[in-house]
Structure formats: structure tokens, C-alpha cells
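Just below is one structure, and these are the notes that go with it.
The values are calculated or read from the model by the stated rules, or taken from the named source; none is laboratory data. Please read these numbers as outputs of a predicted model, since none were measured by experiment. All Cβ positions, glycine included, derive from the backbone under ideal geometry; neighbour counts span all protein chains shown. Heavy atoms of the whole protein, side chains included, go into the accessibility calculation; ligands, DNA and RNA do not. Shrake-Rupley method; radii C 1.70, N 1.55, O 1.52, S 1.80 Å.
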Amino acid sequence: DSESRFRRTFELAGSGMAHIGMDRRFIRVNKRLCEILGYPEEQLLGLTGRDISHPDDLDIINAQRPALYAGEVDAVRLEKRYLRKDGSVVWVKFTMTLERDAAARPLYEIGVYDDITAQRDAEERVRESEARFRQTFELAASGICHVIDGRFVRVNRSLCEILGYSEKELLGKTVKELSHPEDRDLSDAGRARIRRGEIETVRLEKRYVRKDGAVVWCKIAIAHA
């Protein structure tokens with residue numbers, strides 16, 4: 001009964017599962033692993049994980065195996081890429097434990113595979129979006145800044161040129177420090193309305209005092225992130 005339950009659990013598990021021999025070859029795989037890797041069972045059996053690993057991830061598991069075999073860790077946990085039979089790349093969250101005999105000698109490895117390709121693709125899109133944002137922010141012809149508690153925390157090159165300060169000099173300064181004395185409180189009412197959710201953006205014109213003392217008129221738009 002116990003063996004039957006084990007086999008059923010192995011076969012129907014939502015995660016890909018495999019038993020891996022001491023020669024690193026698959027000796028038992030379940031249906032889900034075949035789906036993840038795109039191989040029928042008969043083709044997976046006899047292959048090694050290295051045979052279907054992404055070239056850049058070939059040794060990522062081997063680097064952690066010694067600690068597992070020495071009993072220093074109870075499992076190897078990592079994320080890596082495999083190449084499916086059709087050549088596409090699949091990201092997998094991989095966990096490996098070691099089955100031992102009564103004398104503590106290694107019998108075979110147990111691998112659990114979860115497909116995280118969609119998650120990694122989403123993370124990559126976020127990174128690419130962030131990279132595009134940073135490039136747009138830095139290279140914009142308009143001065144752009146992020147302000148927290150009234151202080152500059154991020155400024156672009158154009159704003160530095162407009163106000164005559166270096167980025168290092170601007171960061172940490174307050175907007176009011178650089179505002180013309182007669183315009184220091186000009187945006188306060190609009191900011192309060194943004195915080196209350198009454199409006200999304202404040203647009204106005206005001207004066208700033210450059211580092212060299214010259215007055216510069218700016219058309220500004222303020223929004224809340």
C-alpha cells in the first residue's frame with residue numbers, strides 16, 4: 001500500500017519529479033517533468049541533467065553537490081535553465097535531496113522541478129522597463145526629479161544644467177532652498193490637493209535661483225508616484 005501511494009504521488013505530483021542515479025542519469029521521471037522539459041518519458045530516461053541544461057548553467061548544480069553528499073546541507077535549492085526538446089529555454093526552480101541506504105551510502109538523488117519561466121519572463125520585462133525608464137529619465141531634454149519630503153532624491157542631467165548644480169550638489173537639497181523667495185510656497189496648495197487625491201497633477205510656472213545667483217523661470221508639472 002505504501003509503495004502504491006508513493007508511486008501515485010510521484011506520478012500525479014504538480015511538480016516535475018525525478019530519481020537520478022549516481023551516474024547522474026534519470027532513472028525515473030513523472031509526467032509533469034516530461035511536460036516541463038518537452039520530452040517523452042522514454043527519451044528522458046538515460047539522459048543526464050547536464051545533457052539538457054542551458055550552456056550557461058551546466059555546472060550550477062555540481063557546485064553544490066559536494067555539500068549535499070557530505071551532509072552539510074539537507075537539500076540543494078536553486079534556479080536554472082534547461083533546454084526543452086524543441087530548443088526553447090525553460091526556467092526551473094530546482095530542489096534536490098539525496099536518498100541513502102541504512103549505512104548512509106547514497107542511493108540516488110531526488111529532484112523536484114517547478115516551471116518558473118513565466119515568472120522569470122515577467123521579471124525580465126520589469127528589468128527592461130526599468131532600464132528604459134532610467135535611460136529616458138537621464139537623457140530627457142526636460143529637467144526631471146524625484147522628490148521625497150521636499151528633498152531631491154533623484155535628478156537628471158538636464159535639471160542639473162537648468163539649476164547650475166552638479167547631481168551630487170543637488171541631492172539632499174530641498175526644493176524650497178533653490179526656489180525664489182517669492183515663489184517658495186507657490187506649489188504647496190497644489191501638492192496638498194494631490195495628496196488628498198483631488199487632482200493628479202499640478203502645473204505652474206515659478207522661479208528658481210541657480211547656483212550662480214541667476215534667476216531661472218521654469219514651467220513645472222508635479223505628480224505623485
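Full extension of the segment from Glu167 to Glu130, taken as 0.36 nm per residue of separation minus the current Cα-Cα distance, would add 11.3 nm. With springs only between Cα atoms under 10 Å apart, run a GNM on the chain and tell me which of Asp57, Asp23, Asp149 wobbles the most. Fluctuation is largest for Asp149.
Students often forget the sequence filter, so: which lysines lie under 24 Å Cα-Cα from Lys85 once same-chain residues fewer than 8 apart are removed? Answer for Lys85, where 24 Å is the Cα cut-off: Lys31, Lys93, listed by chain and number. Considering only Val112, Val92, Val215, the mean-square fluctuation computed in a Gaussian network model of the chain, springs between alpha carbons under 10 angstrom, is largest for Val215.
Find me the longest stretch of the chain that has none of the exposed GluC sites (Glu not before Pro), where exposed means in a DSSP loop (not H, G, I, E or B) with at most 13 other Cβ atoms within 10 Å. Longest site-free region, per DSSP loop and neighbour criteria: 73-197. A Förster distance of 22 Å, applied to the separation of the beta-carbon atoms of Leu139 and Ala223, puts the FRET efficiency at 0.65.
Just checking the listed ones, Val209, Val29, Val76: in the Gaussian network model of the chain with Cα springs under 10 Å, the one fluctuating most is Val209.
Calculated [222 nm] ellipticity per residue, helices only, for the chain: -9000 deg cm²/dmol; basis is -39500 (n - 2.57) per DSSP H run with n ≥ 4, divided by all residues, nearest 500. Taking amide hydrogens as placed 1.01 Å from N in the peptide plane, the amide H of Leu98 sits under 5 Å from those of Ile110, each at least 5 positions away in sequence or on another chain. The dipole here belongs to the chain: it is taken about the Cα centre, uses +1 on the Cβ of Lys and Arg and -1 on the Cβ of Asp and Glu, and is about 660 debye.
Here the scattering of the stretch 1-92 is modelled by Debye summation over its C-alpha atoms, one equal scatterer each and no solvent; at q = 0.12, 0.17, 0.20 Å⁻¹ the log10 of I(q)/I(0) is -0.41, -0.81, -1.08.
Taking all protein chains together, Met22, Met96, Met17 sort by accessible area into Met22, Met17, Met96, largest first [probe 1.4 Å].
With a simple spin-label model that places each label point 7 Å from the Cα along the Cα-to-Cβ direction, the separation between Val89 and Arg24 comes to 2.1 nm. Backbone phi angles across the stretch 157-174, fed through the Karplus curve with coefficients 6.51, -1.76 and 1.60 (θ = phi - 60°), yield HN-Hα couplings of 4, 5, 5, 4, 5, 4, 8, x, 10, 6, 4, 4, 6, 6, 4, x, 6, 8 Hz in residue order; Gly and Pro are listed as x. Principal axis extents of the Cα atoms in the chain, from largest to smallest and rounded to whole angstrom, are 84, 35, 34. Loop-only trypsin sites (Lys or Arg not before Pro) in the stretch 26-126, please: DSSP not H, G, I, E or B, and at most 10 other Cβ atoms within 10 Å. Of the trypsin sites (Lys or Arg not before Pro), not one in the loops of the stretch 26-126 has a Cβ with at most 10 other Cβ atoms within 10 Å. Seen against the Cα atoms of the chain and their longest principal axis, helix 117-139 is set at about 20 degrees.
P(r) tail for the stretch 39-171: Cα pairs beyond 27 Å make up 50% of the total. Ligands, DNA and RNA are left out, and with a 1.4 angstrom probe the accessible area of the chain is 62 Å² per residue.
Calculated over the stretch 123-194, the projected area of the Cα convex hull averaged across directions stands at 6.1 nm².
Between helix 2-12 and the chain there is an angle of about 40 degrees, using the helix long axis and the longest principal axis of the Cα atoms. Rounded to the nearest 10 square angstrom, Arg184 shows an accessible area of 100 square angstrom against a 1.4 Å probe. Across the alpha-carbon set of the stretch 166-225, the Rg to Rh ratio works out to 1.00, Rh being the Kirkwood radius. Counting only the backbone N, which residues of the stretch 124-167 are under 11 Å from the spot 7 Å out from the Cα of Ile194 toward its beta-carbon? Once the point is set 7 Å along Cα→Cβ of Ile194, 145-150 turn out to lie under 11 Å by backbone N, inside the stretch 124-167. In the assembled protein chains, His54 presents an accessible area of approximately 30 Å² (probe radius 1.4 Å).
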